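The values are calculated or read from the model by the stated rules, or taken from the named source; none is laboratory data. The shown structure was predicted, so the numbers you read here are calculated from the model rather than taken from an experiment. Because the Cβ atoms are built from the backbone with ideal geometry, glycine has one as well, and the counts that use them run over all protein chains shown.
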Amino acid sequence: MTSMNATSASPSPIWQRWLMALGPLVVLIAIVALFLSSDPLSVFTGEVPPIEELQTQRVVLNSDGITIHLLNNGPDPVTIAQVLVDDAYWHFEITDGDQKINRLERATLEIPYPWVEGEAHEVVILSSTGVTFPVEIAVALETPEATSKQFTAYGLLGIYVGIIPVALGLLWYPFLRTIGSRWMNFVLALTVGMLVFLAVDTILEALEVAVEVPGTFQGGPLVYLVTLLSFLAIVAVGRNSKRPDSRLFLAYMIALGIGFHNLGEGLAVGTAFALGEASLGAFLVVGFTLHNITEGIGIAAPIAKERPKLIHFVLLTLLAGAPAIIGTWLGGFAFDPLLAVIFLSIGAGAILQVVYEVTRLILRSAERENTPALSWMNLGGLTAGIAIMYFTAFLVA
Amino acid sequence: MSNNAVTRRRFMAGTLGTGAAALLARFANKASGQDGGQYNGNGEHRGGAHSDGVSGPMGRVDHARNGFHPTEILTDFNYGDRVVEENGRTIREYDFIAIDQEVEIAPGIFFPAWTFNGRIPGPTIRCTEGDLIRINFINASEHPHTIHFHGIHPASMDGVPIMENMQHMPRDLTGPGMIPSGESFTYEFTAEPFGMHLYHCHAIPLKRHIHKGLYGAFIIDPPEPRPEAHEMVMVMNAFDTNFDNANEVYAVNTIAFAYNNDPIQIKVNELVRIYLVNLVEFDLLNSFHLHANFFDYYDTGTTLEPTLRTVDTIMQVQGQRGILEFRYRFPGMFMFHAHVSEFAELGWMGMFHVVEDATIIGMEGMNHD
C-alpha cells in the first residue's frame with residue numbers, strides 16, 4: 001500500500017507508463033483469443049451455408065470475347081465452378097487470381113464468347129455451391145483499348161468538358177474589371193451560389209458511385225468523412241500559407257475545387273463513351289461545356305481587382321479544367337468506384353472550402369462598406385449562381 | 001451483385017426521358033454512322049470472334065466421389081436384389097434407401113441432393129409383366145419420403161402422403177403416408193402393365209422432393225420380350241442450384257454433358273433401344289432429338305407397335321416416357337440432345353460414337369453391305 005501511494009504521488013517510471021498504455025491492449029488480445037477459441041457464437045450459426053458474394057468491377061468486350069474483373073466482397077470464399085453466357089455453359093480462363101476467391105481478393109475471367117455488337121448478353125457465374133452471380137451486358141460494344149488514338153480522343157472530350165468552358169468563362173475577366181464594387185459583390189455571391197450547387201452535386205455524385213464500392217470500404221460514410229477531412233485540410237493549408245488572404249491564392253483554391261468537380265464530370269462522360277453511349281456522350285459534352293462556363297467567372301471573380309500575370313490564367317485554367325481529361329481517361333479505360341468516391345469527396349471538401357473563403361471575402365467587403373452582407377443584391381447573386389447551374393444541369397441530368 | 005456499368009447506364013439513360021434529348025441522340029447516332037447493325041461497311045463481323053470448341057463446361061465431374069458413373073447407369077438394369085420363384089411366379093425384391101448426399105452434377109458444382117441408394121436416378125427396376133415386386137424402403141434421410149410407382153396397384157401401395165380428406169380413412173385405402181426419417185416400409189404390388197414407367201418420391205412439398213433427385217426408371221417388359229438390342233436407360237433431369245424455381249443444370253442421367261465427355265459407343269446397324277423418361281421440374285416440356293437419323297417411338301412403351309414411326313424429335317412432359325428404337329447407317333460422331341436449345345447448352349447434350357463392327361446384334365435377316 002505504501003508503495004502504491006508513493007507511485008501515485010511521484011511521476012511514474014517509464015516502464016510503468018508503458019505497462020499502463022499497453023495493459024488494456026494485452027487484455028483485449030487475451031479476450032479476443034478466448035472468444036475465438038471457445039466460439040460462443042456456434043449456438044447461433046450451427047451449420048449455416050457460406051454467404052457468397054461477388055462484385056463485378058469491370059467488363060471488357062473485345063474480339064477475344066468477354067473479360068470480367070471480379071471482387072469477392074462477401075465474408076466467405078467463393079469458388080468459381082462454371083460460367084454461363086446467355087444460358088449456355090461456356091469455356092473460361094481465370095487469367096488473374098485463383099478459382100477460389102478469398103474475401104477481398106480479385107479474379108479475372110476471360111470467356112471466348114462470340115458476343116454480338118449492339119445486343120444484350122447475360123453472363124452468369126456459378127459457384128461450387130450452385131449460387132448464381134449474374135453480370136448484365138446491356139448493350140455489347142467493343143471496349144475502347146488504351147491505344148494512343150483512343151487516348152487522344154478521350155483527352156479531347158476532357159478538353160471540351162473542362163478546359164474550354166473554364167477558359168471561356170475567364171474571358172469575362174476584362175469585363176469583371178470594369179464593374180463597380182456592388183456588382184462585384186453580386187458576382188462573388190453568384191460564385192458562392194455556383195459553388196454551393198457544385199458541392200451538393202459532387203456529394204450526390206459521390207454517394208451514387210459509393211453504392212458500387214464494396215461494402216467493406218463503407219462507401220457512404222467515406223463520402224462524408226473524406227469531404228470533411230479534405231475541407232479541414234485545405235482550410236489549414238490556406239491558414240498556414242504565407243499569404244492566407246491573397247486573392248490570387250483564393251482563385252487557385254477555387255480552381256482546385258472546381259478541378260476535382262470536373263474530374264467527376266470527366267468520369268461521367270468517359271464512362272458514357274466506354275459503354276457505347278456515344279450519342280448520349282456527345283450530348284453530355286455539349287451540356288457540360290455550357291454548364292461549366294460559369295466556373296471560369298467564379299475563378300476570375302476574386303482577382304478582378306488585381307492584375308495577375310497571364311501565366312496565372314493559363315495555370316488556373318489547367319488546374320480547373322485538366323482534371324476533366326484525367327476523368328475521361330479513368331472513366332473510359334479504368335473505372336474504379338472506390339477511387340472515384342475518394343476523388344469526388346476530396347472535390348466536395350475543396351469546394352466547401354472555397355465557399356467558406358469567398359463568403360468571408362463578401363463579409364469583409366460588406367463590413368468595409370458598412371452594408372448588410374446579405375443584401376438583396378448579394379442574395380440575388382447567390383440565387384442567380386444556383387439557378388444558372390441548376391438550369392444548365394438540365395442539359396446533362 | 002451490383003454492376004457499375006449498369007448503374008452508370010441507368011444514370012445516363014435518364015437523359016432519354018425528354019423528347020428533345022431523344023431527337024438529339026438520334027441525330028448524333030446518324031452523324032456517327034451507327035446503324036445498330038452487327039456488320040460494318042467492310043462486311044467485317046463486329047463483336048466477339050466465333051470459334052469451335054469453346055462452349056461447354058470446364059473440367060470433369062469426379063464420378064468416383066459421386067459414387068456412380070453415368071455410363072454405367074445407362075445399362076445398369078436391376079432385375080432384383082433377391083429373386084425367388086413361388087408357385088410359378090417370379091418375386092423380385094429390391095432394397096431402397098433414401099440418403100441425403102451431395103452430388104457433383106456439373107464440373108465443380110455440388111448439389112445437396114436427396115437420393116435413392118446414393119445415386120440419381122435411383123436404381124432402374126427391370127421386371128416382366130406379372131412379376132411380384134417388393135420394395136423394402138428404408139428412410140435414412142433427414143426428411144420424410146415415399147416411393148410412388150407409376151403402374152396399376154392398390155391404393156395402399158400408391159406411395160402418397162395422407163392428405164386432409166384421407167385422414168379418417170382406413171390405411172388400406174390410403175397407404176401409410178409419408179415414411180418418417182429412420183423408419184421403413186415395404187411396397188408390394190404386381191408389375192403391370194408392361195411399358196416404360198417411372199417412380200418418384202411423392203412427399204410434400206412435391207416439387208422439391210422430385211427435383212432433389214428422388215426418382216428413377218421402372219421398366220416392365222412384355223411377357224414376350226422385345227427383340228434383342230443394345231438397350232440403355234436415359235432419365236432426363238435438371239437441377240435448380242440456387243433455389244429460384246428454375247434450373248441451372250440439365251442432363252440425361254444427372255451429369256451435365258456426361259455423354260458429351262464420354263460418348264456412348266454403338267455399332268453401325270445394331271438395333272439401339274432407349275428407355276427415355278422426363279423428370280425435369282419447373283419446365284413444361286423436354287424433348288429428345290437424334291442427329292442424322294430417325295427412330296420409331298413407343299409412347300409409354302405400353303404397346304408392341306410404335307406409336308410414332310420415323311421421327312427424329314419427340315417431346316415429353318414431366319412424367320411422360322417412351323421407348324426409342326433406331327439403327328445408325330454411318331459411322332462417326334452423332335449428337336443427341338433436347339431440342340430446347342437452352343437445355344442442350346445447359347447440359348442436356350450427348351454424343352453417340354458409332355463404330356464399324358462385324359458383330360451385329362439383333363440384325364438377323366437384314367441386308368447390309
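Miscellaneous remarks
- Selection of the range A:9-19 for residues being in a helix (DSSP H, G or I) and either surrounded by 10 or more Cβ atoms within 10 Å (Cβ to Cβ) or in contact (Cβ under 8 Å) with a residue 12 or more places away in the chain (or both) yields A:Q16, A:R17, A:W18, A:L19.
Yes or no, residue by residue, for (1) more than 25 Å from A:L248 (Cα to Cα); (2) at pLDDT below 85; (3) touching a strand residue (DSSP E or B) at 6+ places or on another chain (Cβ under 8 Å):
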| site | (1), (2), (3) |
| --- | --- |
| A:F333 | yes, yes, no |
| A:V354 | no, yes, no |
| A:T359 | no, no, no |
| A:L363 | no, no, no |
| A:M377 | no, no, no |
| A:A387 | yes, no, no |
| A:Y390 | yes, no, no |
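- Among residues of the range A:134-176, those that are closer than 30 Å to A:G74 by Cβ, outside any loop (DSSP other than H, G, I, E, B) and not acidic (D, E), counted: 3
- Residues being in a strand (DSSP E or B) and of a type outside the set (A, V, I, L, M) - total across the range B:285-328: 18
- Of the residues in the range B:116-128, at least one is within 23 Å of the chain's Cα centre (by Cα) and among the basic types (K, R).
- One residue from B:V340, B:V317 being within 23 Å of B:G122 (Cβ to Cβ) and among the hydrophobic types (A, V, I, L, M, F, W, C): B:V317
- Qualifying residue in the range A:146-165 (condition: at the interface with another protein chain (Cβ under 8 Å from one of its Cβ atoms) and farther than 24 Å from B:N245 by Cα): no
- Of all residues in the range A:192-215 being within 30 Å of A:G74 (Cα to Cα) and more than 14 Å from every other protein chain (Cβ to nearest Cβ), the one that is surrounded by the most Cβ atoms within 10 Å (Cβ to Cβ): A:T202
- Every pair of residues 6+ apart whose Cβ atoms lie under 8 Å, when the first sits in the range A:270-296 and is closer than 28 Å to A:G385 by Cβ while the second is assigned to a loop (DSSP other than H, G, I, E, B) and modelled with pLDDT of 75 or more: A:G296/A:L171; A:G296/A:W172
- Taken over the range A:112-133, the criterion of being part of a strand (DSSP E or B), at the interface with chain B (Cβ under 7 Å from one of its Cβ atoms) and closer than 21 Å to B:N245 by Cβ is satisfied by A:L126, A:T132, A:F133.
- Given (1) buried (at least 22 other Cβ atoms within 10 Å of the Cβ); (2) at pLDDT 85 or above; (3) of a type in the set (S, T, Y), index of the condition A:T294 fails: (2)
- The condition (being in contact (Cβ under 8 Å) with a residue 60 or more places away in the chain and surrounded by 22 or more Cβ atoms within 10 Å (Cβ to Cβ)) is satisfied by just one residue among A:L176, A:L104, A:L126, A:L157: A:L157.
Conditions tested, residue by residue: (1) at positive phi; (2) surrounded by 19 or more Cβ atoms within 10 Å (Cβ to Cβ); (3) free of Cβ contacts under 8 Å to residues at least 60 places away in the same chain; (4) in contact with a Lys or Arg (Cβ under 8 Å, 6 or more places away or on another chain).
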site	(1), (2), (3), (4)
B:I105	no, yes, no, no
B:F111	no, yes, no, no
B:T115	no, yes, no, no
B:G130	yes, no, no, yes
B:I135	no, yes, yes, no
B:H143	no, no, no, no
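- Matching residues in the range A:158-201 - criterion: being within 25 Å of A:T227 (Cβ to Cβ) and within 20 Å of the chain's Cα centre (by Cα): A:G158, A:V161, A:G162, A:M194, A:L195, A:V196, A:F197, A:L198, A:A199, A:V200, A:D201
- Residue within the range B:187-204 that is over 29 Å from B:D283 (Cα atoms), among the hydrophobic types (A, V, I, L, M, F, W, C) and surrounded by 22 or more Cβ atoms within 10 Å (Cβ to Cβ) present: yes
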